[in-house]
Amino acid sequence: MKGMLHINGSQLHIFLRGDERLLDTLRDLGFTEVKEGCREGACGSCLILLDGILVNSCQVLAASAVGREITTVKGLGTYHQPHPIQEAFVETGAVQCGFCTPGMVLATFALLKNHPRPTEEQIRHALDGNLCRCTGYIKIIEAVKLAAERMAQDA
Amino acid sequence: VVDAVADVEWYFPNELADVPDILSREGVIPHSGGTGILWGNMTRIRGLMDVSHLDLKSFRKKDDEIVLGAALSYSEAAEALVKPDHPLVQSLKSAATEPLRNRISLGGSISMFPYWSDLMGPLLALDARLSLVGGAKGECSLTDYIEIRKLRQNTLITSIHWSDTPWQCSYYRHTRTPTDRPAFSLTVLLQKTSKRVETARLVVVGCKGRYRKLTEVEQILQGAELPQDPSSLLDKATERLELEIPARMGFSAEYLKACVIIELRRALEAALESNTGRVS
């Protein structure tokens, strides 16, 4: 089927197979910041925002995303103009191998949109779909707290 | 499996009136969140009917009934219900993970009903009813929907509703880690006066036959006077329990049954002793 995908503000007309997962579509289109991990919706490496809602792109059939707004981590900030969440992750040492980081950053973004001053319990609940095999999560939680503080100040 | 199948056709109806015709086509099933479809075997699927353009995300209170649109995700439904102690909210918030809770829909979850379902225990205990269109239309009880195959064929669930009665309640899921699928889940709903238990509804999901309403225990509890020490009542209630749970996730069948009894006692003890327990 033909369809238009809105990705990070750009519009792309593409052909899709009816059984194609959004993760594969995005990576084939060059959005390799969307990482392929478990393909089971368990690890959070492939997280994106679909109409602003955090979802596992490996658990979304691409055809159901036609006409909807897709945001990957590159839609939040760039190398030269990073998002405060991305800065907080770097500053607190919440990035080691970096494979889980795009998903962590997007999960943090989705959390802070609804809860600008989250409790530690809310942070843990919001990031329960993200696995990290390096950091042990302590630094990641610190990064979320720092980002929340900075974003609240900016607001 | 998904990558090996022939192409799947998609349908995007805007009106409920178009649904029966689409679902009558061979191999066409409804698609809401799609997570269950991706977990299953897609080789028999010829078409998917996306329900996102239908008005199936509503939440309303009608008289003393709560009505939830079947396309609501777990997160949306939990947010709409507001009450944090409602058994359904407890189950929806503890199921899967945040991004999956944002995607899994109520209707899809009911139609798939895996043994690890967090949703079904509370809905069965609440005696939920479903509105349907397609192969079957009108209303039916959730129990009938599960038991009668014909009600599920070529059918779309449009809403889920139940009576908004206050309950003393608890929800327990048995897992190794919080994001595990539960080996079993237990829902306990109780209504009592200062003197006796009025109504009890107890449901285990994950046992043989996927779920069981523990009517033998409910019968002992209903009408029972509230004792100073509930131990003897709980002994009597749990002695009667007839339940088979298959061994799974590294747990033996005997161990899981013992866990059900322990958790059932804990839940009932809290509900019987507390005047300030969870009331939703």
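The values are calculated or read from the model by the stated rules, or taken from the named source; none is laboratory data. What you are looking at is a predicted structure, and each value in this text was computed from that prediction instead of being measured. All Cβ positions, even for glycine, are placed from backbone atoms using ideal geometry, and neighbour counts span all protein chains on display.
What to note about this one:
- Any hit, the stretch A:26-48, residues being among the acidic types (Asp, Glu), within 12 Å of chain B (Cβ to nearest Cβ), closer than 30 Å to B:ARG46 by Cβ and more than 17 Å from the chain's Cα centre (by Cα): no
- Any hit, the stretch A:8-21, residues being within 13 Å of chain B (Cβ to nearest Cβ) and at positive phi: no
- Taken over the stretch A:91-118, the criterion of being away from every other protein chain (no Cβ under 14 Å), surrounded by 22 or more Cβ atoms within 10 Å (Cβ to Cβ) and of a type in the set (A, V, I, L, M, F, W, C) is satisfied by A:ALA94 alone.
- Subset tally (residues that are loosely packed, with under 12 Cβ neighbours inside 10 Å and at positive phi) for the stretch B:226-254: 1
- Close pairs (6 angstrom Cβ cut-off, 6 or more residues apart or separate chains): facing another protein chain (nearest Cβ under 7 Å) in the stretch A:51-67, of a type in the set (Val, Ile, Thr) anywhere: A:GLN59/B:THR35
- 2 or more residues more than 11 Å from every other protein chain (Cβ to nearest Cβ) and surrounded by 22 or more Cβ atoms within 10 Å (Cβ to Cβ): qualifying helices (runs of 4 or more DSSP H) within the stretch B:1-97: B:74-81, B:87-94
- For the stretch B:223-280, the set of residues classified as acidic (Asp, Glu), farther than 16 Å from B:THR193 by Cα and not in a helix (DSSP H, G or I) consists of B:ASP229, B:GLU242, B:GLU244, listed by residue number.
- Among the residues of the stretch B:202-217, those identified as of a type in the set (Lys, Arg) and part of a strand (DSSP E or B) are B:ARG210, B:ARG212, B:LYS213.
- Checking B:VAL197 against (1) outside any strand (DSSP E or B); (2) more than 21 Å from the chain's Cα centre (by Cα); (3) surrounded by 16 or more Cβ atoms within 10 Å (Cβ to Cβ), the condition it does not meet: (1)
- Selected residue (criterion: nearest to the other protein chains (Cβ to nearest Cβ)) from residues of the stretch A:119-148 that are crowded, with 18+ Cβ neighbours inside 10 Å and within 14 Å of A:SER45 (Cα to Cα): A:GLY129
- Qualifying residue in the stretch B:103-123 (condition: out of contact with any Ser or Thr (no Cβ under 6 Å at 6 or more places or on another chain), assigned to a loop (DSSP other than H, G, I, E, B) and either among the charged types (D, E, K, R) or within 13 Å of chain A (Cβ to nearest Cβ) (or both)): no
- Total residues in the stretch A:4-46, condition closer than 26 Å to B:ILE29 by Cβ and crowded, with 17+ Cβ neighbours inside 10 Å: 16
- Some residue of the stretch A:4-11 being closer than 24 Å to A:LEU127 by Cα and in contact with a helix residue (DSSP H, G or I) (Cβ under 6 Å, 6 or more places away or on another chain): yes
- Yes/no for B:ILE220 being in a helix (DSSP H, G or I) and farther than 26 Å from B:ASP164 by Cα: no
- Contacts under 7 angstrom Cβ, first residue in the stretch A:9-37 being under 14 Å from A:VAL73 (Cβ atoms), partner part of a strand (DSSP E or B) and of a type outside the set (Asp, Glu), 6 or more apart: A:PHE31/A:ILE7; A:VAL34/A:ILE48
- Number of positions in the stretch A:45-84 that are more than 22 Å from A:ARG150 (Cα to Cα), in contact with a helix residue (DSSP H, G or I) (Cβ under 8 Å, 6 or more places away or on another chain) and assigned to a loop (DSSP other than H, G, I, E, B): 3
- Qualifying position, being of a type in the set (Val, Ile, Thr), closer than 30 Å to A:PHE109 by Cβ and at pLDDT 95 or above, among B:THR97, B:THR143, B:THR158: B:THR97
- Within the stretch B:7-33, being in contact with a Ser or Thr (Cβ under 6 Å, 6 or more places away or on another chain) and modelled with pLDDT under 95 holds for one residue alone: B:GLY33.
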